[in-house]
């Protein structure tokens, strides 16, 4: 972030971070979102292990993953399972869109809480000033002056409150949980040739050796 010193009005203006509680919830959103991305990639793989590598599926762009899950659900599952799975992917997309609204917005502090007296800065020797600015840049500030600029707008609005951030994290975590359940169900249907599975026999994987670390004694 840019460091600006404005000595004309006796203040130094600096970019900082919101309060610790907000940072914790944004961090939880980031981790929950990463888990959901991985779980959706694994779900894509379970629908088409004959077509896509699991690690490539997990690393793919979220939109590509969702599109492939929807297409494969229509191709390889009966209507009883296809409809609910496509509806779940729609819910996961909504959760990921909310995630993007948090992670790709600019949080900007306005007002007196964004400033410090230049005199405080000028009392420091040259060697101390860089550390001073870095500590200030990393400071978590509780303030009513925080504003949020969404990634699709130039306007400044109110930031999300804690309850809104918690709701977004919970939505991501729940979607991740259901993605895992769908993966297990589809893998079982595929390997056992259950009636709901309409994909090719070549997609069956057969017995697999557990990966390193998957089995503990």
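The values are calculated or read from the model by the stated rules, or taken from the named source; none is laboratory data. These numbers were taken from a predicted model, which means no experiment stands behind them. Backbone-built Cβ (ideal geometry, glycine too); neighbour counts: all protein chains shown.
Of all the residues in segment 135-158, those that are part of a strand (DSSP E or B) and touching a helix residue (DSSP H, G or I) at 6+ places or on another chain (Cβ under 7 Å) number 2.
Residue check: is residue 173 within 22 Å of the chain's Cα centre (by Cα) and surrounded by fewer than 14 Cβ atoms within 10 Å (Cβ to Cβ)? The answer is no for residue 173. Summed over segment 56-93, residues that are touching a residue at least 60 places away in the same chain (Cβ under 8 Å) and within 16 Å of the chain's Cα centre (by Cα) total 2. When residue 109 is tested against (1) farther than 17 Å from residue 160 by Cβ; (2) modelled with pLDDT under 85; (3) surrounded by 15 or more Cβ atoms within 10 Å (Cβ to Cβ), just one condition goes unmet, and that condition is (1). None of 37, 78 is on the phi < 0 side of the Ramachandran plot, in contact with a helix residue (DSSP H, G or I) (Cβ under 9 Å, 6 or more places away or on another chain) and modelled with pLDDT of 95 or more except 37.
Being loosely packed, with under 11 Cβ neighbours inside 10 Å and more than 25 Å from residue 63 (Cβ to Cβ): is that true of residue 135 here?
On the way: loosely packed, with under 11 Cβ neighbours inside 10 Å: yes; more than 25 Å from residue 63 (Cβ to Cβ): yes.
For residue 135, the condition - loosely packed, with under 11 Cβ neighbours inside 10 Å and more than 25 Å from residue 63 (Cβ to Cβ) - is met.
Within the span defined as segment 192-212, every residue fails to be in a helix (DSSP H, G or I), within 22 Å of residue 38 (Cα to Cα) and modelled with pLDDT of 95 or more.
Filtering segment 53-106 to residues that are crowded, with 19+ Cβ neighbours inside 10 Å and within 19 Å of residue 191 (Cβ to Cβ) leaves 57, 69, 72, 73, 76, 77, 81, 85.
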